[in-house]
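Worksheet: the structure to be examined is printed underneath.
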Amino acid sequence: MEYLIFQDLTNNEFRIYSVMQNRSKIINHTEFINIKIPKYYMLKNDLYNDLTEESLKEYSKLFEAWRLELLKENIDILKSYNLHFLVTDTYFKFCSIIKDMPTITSVEYNYIKKLNQSSAMYFDDSIKNIPTESYSYDFKNFYNKSMISKKFNVPNSVGKQYKLDEIPEYNDIKMGIYNVEITSNDDDFRKVFIFSSENHYTDITLKVAIAQQKKYKIDIKLNTNCKYNCLIYDTSIAGEKLFKKHFEELTRIKDKYPKNKLVKFLISSLYGHLAQKNILNISSEDYCNYDISFDGTGEYIILNNTMVIKKGEVTDYFTIAKRDKIYKYNIRLAPWLISFCRNKTYSLAQEDLNNVIRIQTDCVVFRKPMLFIKPHFNINVLVPEEKSSGLIKWTNINSYSKQCDKCNEWVKVSKMASHNGQCI
């Protein structure tokens, strides 16, 4: 069966390559979207990551080999129109429970959007631009292992609004989202907690604050000046039941074909694809063609509004979604997974908070080598992270430099490979 591999070029153009016909060409966006045969974008690859015709052809040879390997494992890539569908199509081969979950309502969405869904992060500004010995550790397969943890659950019912008079006792806090104000003047607490500007927190995050309330002198106040102050879920389902089979099967295939980047892509991409919104992007000219109301009663609701100025003319663009179908898949995953993972990372940082340099998602950097003795921080969970370890000059949480072994120049780690190729 015919299929295409493509590169997304500049100026709204695409370079496409037919594997079967061994032929490539550059086409515009309109031509691209009118192509009805399967087409797959070029994944980043250590050898073929530039946007040249030659790299596309070489990559396509690898892709065909990967495709045939997966076919041996009863995963037929060509049955999925593109890589986005391939991720979810593969997942549903192993588990289809999500398909029967109740629709995520607009009421639930309004609670979810008030959460701070950033990953764990912190940076010690005092060492900025000062060469510092750094010892970095991160969790192996962070999101995947979290999703199948025996302690991780997600709601599988429609959330109901309630008005509480007081915050329940720790063990009585039900799965949900709570409108509470959490404050603390303790600098250490600010290292290991992400505040919500709209004072909405999942039950996981609220429990963390309650558990550490005395240690960090945290003030927690329930908002009672509103009609409802929480969204509660009656039932939940274990992440292990939803994801274990999927990850076990793909891990088995990855071990069998360790150079197959498609397998790695399928393993690492599931969370992001399941959390996607079912959005439409329209201009102000198209606005009147949709039933949109500001009170949320229309067929569509506005998720985002952007103003663009081109050649002196102002155009409004809107991101909208159907009120009764905001998400592509009705799994209430992201808020609880992010809260669960943040808690794991911050727990690691609290092993020696005074010596923490940086916290970023699944990685914590200390000023000294660490010996972790708690069972949940064992060698099967944590690994030293080489890229952000050693003598490092930190610029910010995401930018840092190391000295080149050849010329001793300080070079951003993200550009070290290209620098080494040019350094004599």
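Counting only helices (runs of 4 or more DSSP H) that fall entirely inside segment 1-107 and contain at least 1 residues that are more than 30 Å from LYS322 (Cα to Cα), the qualifying elements are 53-72.
Only a single item in (1) in contact with a strand residue (DSSP E or B) (Cβ under 7 Å, 6 or more places away or on another chain); (2) of a type in the set (Phe, Trp, Tyr); (3) closer than 27 Å to PHE294 by Cα is not met by PHE123, and it is number (3). With the condition kept exactly as written, say whether any residue in segment 172-191 is of a type in the set (Ser, Thr, Tyr), touching a Phe, Trp or Tyr at 6+ places or on another chain (Cβ under 7 Å) and part of a loop (DSSP other than H, G, I, E, B). Checked against the condition, which is being of a type in the set (Ser, Thr, Tyr), touching a Phe, Trp or Tyr at 6+ places or on another chain (Cβ under 7 Å) and part of a loop (DSSP other than H, G, I, E, B), segment 172-191 yields at least one hit. Pairing residues of segment 396-412 that are outside any loop (DSSP other than H, G, I, E, B) with residues that are aromatic (Phe, Trp, Tyr), at Cβ distances under 7 Å and at least 6 apart in sequence or on separate chains, gives TYR400/TRP394; SER401/TRP410; GLN403/TRP410.
For SER149, the conditions (1) more than 30 Å from TRP394 (Cβ to Cβ); (2) out of contact with any Gly (no Cβ under 8 Å at 6 or more places or on another chain); (3) assigned to a loop (DSSP other than H, G, I, E, B) are fulfilled apart from (2). Of all residue pairs spaced 6 or more apart or on separate chains, those with beta-carbon atoms under 8 Å, a first member in segment 188-204 that is among the polar types (S, T, N, Q) and a second member that is in a helix (DSSP H, G or I) are THR202/PRO335; THR202/TRP336; THR202/SER339.
Just so you know, all these numbers are worked out from the coordinates, no wet-lab data involved. What you see is a predicted model; the values in this text were computed from it and never measured. Glycine also receives a Cβ, built like all others from the backbone with ideal geometry; neighbour counts cover every protein chain displayed.
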